[in-house]
Amino acid sequence: MVVDTDDETSSRTPGRRRWPGRVFDRGVDPDPRFSLANERTFLAWIRTSLALFAAGIALEALALPIAPGLRRAAAVVLIVLGAAAPVQAWIGWLRTEAALRLGRSLPPPALAMPLGLGLVLAAGLILVGLVR
């Protein structure tokens, strides 16, 4: 269901601009449930970012029996992934909200593949470091 009203509660009320304009100035307001689901996905990526940062810092801070070079490399990979997750959150939110407003198919996550490969790399470094 697409909602597009011309009353005072509309997002197109004169004098009231929503940011970012490149998303909200196009199309029509989608069903609020879909926009709220998009926001929950954004927040899930932010939580993932915090968890990746915490894992990277904990890996380096705790005295784990992992070869120091591999432990440090895995920690750096996790921290870099933690920095990339908010980028995915923002890009994903923008692209999905625009697709909802224009009635298009939802786009796939832009950075899902690099984030997944980075997690596999970090896990591999940790496993190799534990075996050494």
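Packing here is the average count of other Cβ atoms within 10 Å per residue, and on that basis the peptides 79-92, 118-131, highest first, run 79-92, 118-131.
Recomputing Cα extents along the principal axes in Å from the coordinates shown identifies the correct label among (1) 67, 26, 21; (2) 53, 27, 25; (3) 109, 48, 30 as (1).
Residues 96, 48, arranged from fewest to most other Cβ atoms within 10 angstrom of their Cβ, appear as 48, 96. Applied to the range 26-34, the Karplus parametrisation 6.51 cos²θ - 1.76 cosθ + 1.60 on θ = phi - 60° returns per-residue 3J(HN,Hα) values of 10, x, 10, 5, x, 3, x, 4, 6 Hz, with x for Gly and Pro.
Taken together, the values in this text are just the output of simple stated rules run on the coordinates, not laboratory data. The structure presented is a predicted model; accordingly, all values stated were derived computationally and were not measured. No Cβ is skipped: glycine too gets one built from the backbone with ideal geometry, and neighbour counts run over all protein chains shown.
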